[in-house]
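**Student:** Below are the C-alpha cells for one structure; questions will follow.
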Amino acid sequence: MRTPTRITTIVAAGAVAVASTAAVASAARQTDPACDGTGADTAQPGGRQATGQQGGQQARGMRQRRHGRQGKRSLPTRTSTAPLTAAESSAITYMREEEKLARDVYRKLAGTSGNAVFTRIATSEQRHMDALGRLIARYRLTDPAKGNAAGVFKNPELQRLYDELVARGSASPAAAIQVGLDIERLDIADLQDRKATVKHTDVRWVFQQLERGSNNHLRAFTTQAG
C-alpha cells in the first residue's frame, strides 16, 4: 500500500512517472471520449465541424446517447470462481475511495475556480466510482464510501489529502489545475501499483478502463495548464 510519505511526495512534487504525451493520446483514442472531461465531439460526417445551435443540439444528443449506453454498461463475465485475494479486495476498496476523493475535490474546485472542466471530469469520476461499486457488489465487499457525504472518507490518509488538496486548489484557478494534475498522476500510479496484484480478469479490466480514463483526465488538465 502507498505510504503517507509517498502520497505526499507524489502530490506535492508531481513526481510520478506517467505515460508520455503520445501514450496519453493513444489511450484517449482507445476509451470513451466522455471520460476525458473535454465534452462531446461535434464533428459532422464528412469532416465538417458543427457550429452554433446545430452543433450544440448535436453535442447534447451525442451526450444523451452516450450516457444511455453507459447506464446499461456492466462488468465483463466473471471467469473464475476463486475468491478474491486480500490484495485484490484491498485494491478495489481503496480505489473506490480514491476515485471518490477525485470526484469530491473536483466538485469543490468547480465552484471555487469557475472552471467547467472540473464539473465534466467529476462526472467521469462518478462513473469510475460506479464501476468499482459494481465490483464491490459482485464480490460482496464492504463499501468504504457507503453513506459518506462529500469530503468524508473512511481512510484517514485520504481524508487528510482531501483537505489539503481543496485548500491548495482553492487558492487560484491555476492552483486548481495543478491539483487536478496531481490527482490524476496519483490515480494512475495507484492503479498501476494495484493492477499488478490483480488475478481476476474482470477486476483487471475495470482497472485498465480507469487507468485509460485517468490518462484522458491528465491530458485535459495538461491542456488547461498549457
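The values are calculated or read from the model by the stated rules, or taken from the named source; none is laboratory data. All values derive from a computational prediction rather than experimental measurement. Ideal geometry is used to build each Cβ from the backbone, glycine not excepted, and the neighbour counts take in all protein chains shown. For accessibility, only protein heavy atoms count, side chains too; no ligands or nucleic acids. Shrake-Rupley method; radii C 1.70, N 1.55, O 1.52, S 1.80 Å.
**Student:** Which residue pairs have Cβ atoms closer than 8 Å, lie 6 or more positions apart in sequence or on different chains, and pair a first residue in segment 109-132 that is under 13 Å from Ala145 (Cβ atoms) with a second residue that is at pLDDT 95 or above and not in a helix (DSSP H, G or I)?
**Tutor:** Met129/Ala145
**Student:** Output the residues belonging to segment 113-138 that are among the polar types (S, T, N, Q), in a helix (DSSP H, G or I) and open to solvent by less than 70 Å² (accessible area, probe 1.4 Å).
**Tutor:** The answer is Ser113, Thr123, Ser124, Gln126.
**Student:** Another question, if that's okay. Within the set of pairs 6+ apart or on separate chains, which have a first residue in segment 144-162 that is more than 18 Å from Lys108 (Cβ to Cβ), a second that is modelled with pLDDT under 95 and surrounded by 15 or more Cβ atoms within 10 Å (Cβ to Cβ), and C-beta atoms under 8 Å apart?
**Tutor:** Glu157/Ile7
One line per residue, one yes/no per condition, for (1) at pLDDT 95 or above; (2) open to solvent by 20 Å² or more (accessible area, probe 1.4 Å); (3) of a type in the set (Val, Ile, Thr); (4) not in a helix (DSSP H, G or I):
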residue	(1), (2), (3), (4)
Ala59	no, no, no, no
Ser80	no, yes, no, yes
Leu84	yes, yes, no, yes
Glu88	yes, no, no, no
Ala102	yes, no, no, no
